[in-house]
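Colleague: Quick one: the structure is below, and I'll ask about it shortly.
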Amino acid sequence: MYDIIVIGAGPAGLTAAIYARRASKTVLVLEAMTYGGQIINTPDIENYPAAPHISGLDFANRLYEQATGLGAEVVFERVTEIKDGTEKTVVTAENTYTAKAVIIATGSQNRKLGIEGERELVGRGVSYCATCDGAFFRNKKVAVMGGGNTALEDALYLADLAETVYLIHRRGEFRGDEATVNALKERQNIKFVLNSTVTKLIADKRLTAIEVTDKNTGAVTKLDVNGLFVAIGRTPENQPFEDLIKLDEAGYIAAGEDCITNVPGIFAAGDNRTKSLRQLVTAAADGAAAATAAVQYISR
Amino acid sequence: MNVIKVTAENFETEVLKSDKPVVADFNADWCGPCQMLKPVIDELAEERPDVKFVSINIDDQDDLAYEHNVSSIPCLVKFVGGSEASRSVGFKPKSEIIKFIGG
């Protein structure tokens, strides 16, 4: 049995492991994919205190080395269930582990459009990351779906590469930063498609066009594009725990800044918790808070 | 076996005319998930002599990426007998890559 099992080896989970190891607790970190979480997709992090420029990959590698160097054990298995009790049982596809306390730090995923062919066309024109995949669309026509800051920044980034960028938004105005909206309006090759959503993907081995429906008039327009960047927010990965842990309406774990959930001994850290700001620095902060709360719980 | 670097020049010989199944890893230096996948591919290249592993840098070989409809990396494309059999997009852990490669 471990003192603490951490689910997720992103910035929140690995920071929790660091704090727990420094409190001399035994720690197992279970990760379904690879360590680092979504930050590995970021080429250059510019807002982490005292590290003005670091790539997401370097950040992840350093964090991983720090946590494992302190003695945290990291195993790559997907957690399917937590069973509550005086000791907690964590079930993966391959094994079953037990611990005195559990920290859930499973982060979030890109929200999908949920339309036909979307899954099959990922990597064949449909993308959720403009900085990752923008280079494939040099001098081509692309569309961005979304109205928040990510969508606006994606459109601006793509406008430097692509011939035309259609920015499709289901509302009539943007909720993102005004400065970014103004910068977009100055770009000749960005075309706004407002009050509309993408309703169909047209493909022949790769995406060739999309259909966009105007939600006020019902009019359907076909746009010839090679790329569609979906930036309609993120969604937490709390499905395996929803029967046990109280979630908020949006599916995030209902826990405050102390990271304490409705189940004693189970804590939540990072993007999967109810919070107003989801950033690298807030994920790391959650890791520290959750580990501290877990250590207190164990020695209660 | 080492992972072979493939360009437009040797693509036909190394991939299309290979007598073994080929796993082509489309990647780039700036792509974090690609760099995380690389050691996994290196290990598999050692463990699976029945499969040829090749690496294609999409910045140098953008035509190859376009011809094979690759628009997101990392992207693994499995070629059998000169044509695409299956593909896997994004980082996946080794156990899933093994399943993707198959017998």
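Colleague: Scan A:Asn216, A:Asn272, A:Asn262, A:Asn238 and give me the residue that is in the same structural domain as A:Gly125 (by TED's automatic domain parsing) and not hydroxyl-bearing (Ser, Thr, Tyr).
Modeller: Criteria check complete, one pass: A:Asn216.
Colleague: Return yes or no: is A:Ala162 in contact (Cβ under 8 Å) with a residue 40 or more places away in the chain, within 14 Å of chain B (Cβ to nearest Cβ) and assigned to a strand (DSSP E or B)?
Modeller: no
Colleague: Within segment A:39-64, how many residues turn out to be under 19 Å from A:Val29 (Cβ atoms) and among the hydrophobic types (A, V, I, L, M, F, W, C)? Write out each step before concluding.
Modeller: As a first pass, look at segment A:39-64 and keep what is under 19 Å from A:Val29 (Cβ atoms): A:39-40, A:56-57, A:59-64.
Narrowing the set further to residues that are among the hydrophobic types (A, V, I, L, M, F, W, C) leaves A:39-40, A:57, A:59-60, A:63.
Residues meeting the conditions: 6.
Colleague: To continue, here is another question. Could you say which residue among A:Ala32, A:Ala9, A:Ala60 is within 14 Å of chain B (Cβ to nearest Cβ) and at pLDDT below 95?
Modeller: A:Ala32
Colleague: How many residues, within segment A:203-252, are part of a strand (DSSP E or B) and aromatic (Phe, Trp, Tyr)?
Modeller: Number satisfying all stated conditions: 1.
Colleague: Could you tell me whether segment A:173-183 includes any residue that is among the aromatic types (Phe, Trp, Tyr), surrounded by 17 or more Cβ atoms within 10 Å (Cβ to Cβ) and at pLDDT below 95?
Modeller: yes
Colleague: Run down A:Tyr97, A:Tyr128 and say which single residue is within 20 Å of the chain's Cα centre (by Cα) and touching a residue at least 12 places away in the same chain (Cβ under 8 Å).
Modeller: Going through A:Tyr97, A:Tyr128 in turn, the sole match is A:Tyr128.
Colleague: Yes or no: segment A:180-202 includes at least one residue that is assigned to a strand (DSSP E or B) and within 14 Å of chain B (Cβ to nearest Cβ).
Modeller: yes
Colleague: Also, quick follow-up: With in a loop (DSSP other than H, G, I, E, B) and over 21 Å from A:Ala294 (Cβ atoms) as the only criterion, which of A:Glu153, A:Glu94, A:Glu65, A:Glu77 stands out? Spell out how you get there, then give the answer.
Modeller: Numbers: A:Glu153 fails: in a loop (DSSP other than H, G, I, E, B); A:Glu65 fails: in a loop (DSSP other than H, G, I, E, B); A:Glu77 fails: over 21 Å from A:Ala294 (Cβ atoms).
Testing whether each residue is in a loop (DSSP other than H, G, I, E, B) and over 21 Å from A:Ala294 (Cβ atoms) leaves just A:Glu94.
Colleague: Which one of these is in contact (Cβ under 8 Å) with a residue 60 or more places away in the chain and either of a type in the set (Phe, Trp, Tyr) or closer than 26 Å to A:Gly134 by Cβ (or both): B:Phe53, B:Phe79, B:Phe26?
Modeller: That would be B:Phe79, the only listed residue that is in contact (Cβ under 8 Å) with a residue 60 or more places away in the chain and either of a type in the set (Phe, Trp, Tyr) or closer than 26 Å to A:Gly134 by Cβ (or both).
Colleague: Which residue is farthest from the other protein chains (Cβ to nearest Cβ), if the candidates are limited to segment A:109-151 and must be open to solvent by 20 Å² or more (accessible area, probe 1.4 Å) and among the aliphatic types (A, V, I, L, M)?
Modeller: Of everything passing the filter in segment A:109-151, A:Ile115 is farthest from the other protein chains (Cβ to nearest Cβ).
Colleague: Determine whether A:Val193 is farther than 30 Å from A:Arg78 by Cα and open to solvent by less than 50 Å² (accessible area, probe 1.4 Å).
Modeller: yes
Colleague: Can you tell me which residue is nearest to A:Val193 (Cα to Cα) among those in segment A:128-146 that are of a type in the set (Gly, Ala, Ser) and modelled with pLDDT under 95?
Modeller: A:Ala130
The values are calculated or read from the model by the stated rules, or taken from the named source; none is laboratory data. Computed from a predicted structure; not experimentally measured. Backbone-built Cβ (ideal geometry, glycine too); neighbour counts: all protein chains shown. For accessibility, only protein heavy atoms count, side chains too; no ligands or nucleic acids. Shrake-Rupley method; radii C 1.70, N 1.55, O 1.52, S 1.80 Å.
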